[in-house]
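Structure record follows, encoded as structure tokens.
The values are calculated or read from the model by the stated rules, or taken from the named source; none is laboratory data. Just so we're clear, the structure is a prediction, and the values are computed from it rather than from any experiment. So basically every Cβ, Gly included, is an ideal-geometry build from the backbone, and we count neighbours across all protein chains shown. Just the protein is used for accessible areas: all its heavy atoms, side chains included, with ligands, DNA and RNA removed. Shrake-Rupley method; radii C 1.70, N 1.55, O 1.52, S 1.80 Å.
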Amino acid sequence: MEFLQELYNKWLVIKPYTDTFSFQAVIATSYLIALINSLRKALKEKEFFSNFITIANVCANYLFTALMMEYALEYVKSHNSAASAQNVYLGFVIANSVMLIMMYKLHTMFSYKFNDLFFKVSKLFIILTLSHLIIWVKFVVLDLQQEFAQIHYVYSFIVLYISLVLSFIMLFPDVLRTKFGCIVTFSLPRDRNA
């Protein structure tokens, strides 16, 4: 539990003096590399177009939510109040939901095929969206700031874990065909020969 508490305090607590941390820059860089690599493969027809659509949507969503968090951090710095910026979690819920809908619509318009990456990313984003919703309800609706701190730690772990797993499976989408890929994306390894 102390490990989760340290992750939460170091990376996810919004304070008036919080700066953008380099961990997010590493994730953003890996997302960008995955997008460029996917575009290159899609143009050479070495990868399903479904992968490119999925990765492009995740990257666009990450960029948008990072900008939302930057705005929230600037608001906290200038107003010296973190409580009023906690609606950013609701913004994350809305952004993730819109991204899932757009990703589905783009697949039906352009790809006509839904592959493993689409389904795994959708599952991870549903988990992430529910986590954002739970933390928003706790902070804003129920107005529980310090109580039930375990929820903060679990939320911290889920956000960091899903961010890392997303970057990994987008960089190496073939890993989804292995048992390891099934384990990290919470899937049952059915019909896998790995």
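For segment 61-94, give me each residue that is at pLDDT below 90 and among the small types (G, A, S).
Passing the criteria: A66, A72, S78, S81, A82, A83, S84, A85.
Could you grab me the full set of residues in segment 21-62 that are in contact (Cβ under 8 Å) with a residue 12 or more places away in the chain and open to solvent by 70 Å² or more (accessible area, probe 1.4 Å)?
Narrowing segment 21-62 to residues in contact (Cβ under 8 Å) with a residue 12 or more places away in the chain: 23-24, 27-28, 30-35, 37-39, 47-62.
L32, I33, L39, F48, F49 - these are the residues of segment 21-62 that are in contact (Cβ under 8 Å) with a residue 12 or more places away in the chain and open to solvent by 70 Å² or more (accessible area, probe 1.4 Å).
Regarding I55, is this residue more than 23 Å from F139 (Cβ to Cβ) and at pLDDT 90 or above?
Values: more than 23 Å from F139 (Cβ to Cβ): yes; at pLDDT 90 or above: yes.
Here the answer is yes, as I55 does meet what is asked.
Write out, first by first residue and then by second, each pair whose Cβ atoms fall under 6 Å of each other, whose residues are 6+ apart or on separate chains, and whose first residue, in segment 109-124, is within 11 Å of F48 (Cα to Cα) while the second is aliphatic (A, V, I, L, M).
The qualifying pairs are S111/I53; D116/L176.
Which of the residues that make up segment 70-81 are more than 24 Å from L130 (Cβ to Cβ) and either in contact with a Leu (Cβ under 7 Å, 6 or more places away or on another chain) or crowded, with 19+ Cβ neighbours inside 10 Å (or both)?
Of everything in segment 70-81, just one residue is more than 24 Å from L130 (Cβ to Cβ) and either in contact with a Leu (Cβ under 7 Å, 6 or more places away or on another chain) or crowded, with 19+ Cβ neighbours inside 10 Å (or both), namely V76.
Would you be able to tell me the number of residues in segment 37-59 that are under 18 Å from M103 (Cβ atoms) and part of a helix (DSSP H, G or I)?
Final tally of qualifying residues: 14.
Based on what the data block shows, is K179 touching a Pro at 6+ places or on another chain (Cβ under 8 Å), open to solvent by 90 Å² or more (accessible area, probe 1.4 Å) and either within 17 Å of N61 (Cβ to Cβ) or not polar (S, T, N, Q) (or both)? Steps first, please.
Numbers: touching a Pro at 6+ places or on another chain (Cβ under 8 Å): yes; open to solvent by 90 Å² or more (accessible area, probe 1.4 Å): yes; either within 17 Å of N61 (Cβ to Cβ) or not polar (S, T, N, Q) (or both): yes.
Spelling it out, K179 is indeed touching a Pro at 6+ places or on another chain (Cβ under 8 Å), open to solvent by 90 Å² or more (accessible area, probe 1.4 Å) and either within 17 Å of N61 (Cβ to Cβ) or not polar (S, T, N, Q) (or both).
Among the residues of segment 82-133 satisfying the criterion of being assigned to a loop (DSSP other than H, G, I, E, B) and within 27 Å of V175 (Cα to Cα), which is least open to solvent (accessible area, probe 1.4 Å)? Walk me through how you get there before you give the answer.
Initial filter on segment 82-133 (assigned to a loop (DSSP other than H, G, I, E, B)): 82, 86-87, 112-115.
If we keep only those that are within 27 Å of V175 (Cα to Cα) too, we end up with 112-115.
Details: Y112: 173, K113: 97, F114: 69, N115: 19 Å².
Checking each candidate, the answer is N115.
If I ask for residues that are open to solvent by less than 60 Å² (accessible area, probe 1.4 Å) and more than 12 Å from Q86 (Cα to Cα), which ones from segment 135-160 would you list? Before you say what the answer is, go through the steps one by one.
At the first step, the residues of segment 135-160 found to be open to solvent by less than 60 Å² (accessible area, probe 1.4 Å) are 135-140, 144-145, 149, 152-153, 155-156, 158-160.
Result: A149, H152, Y153, Y155, S156, I158, V159, L160.
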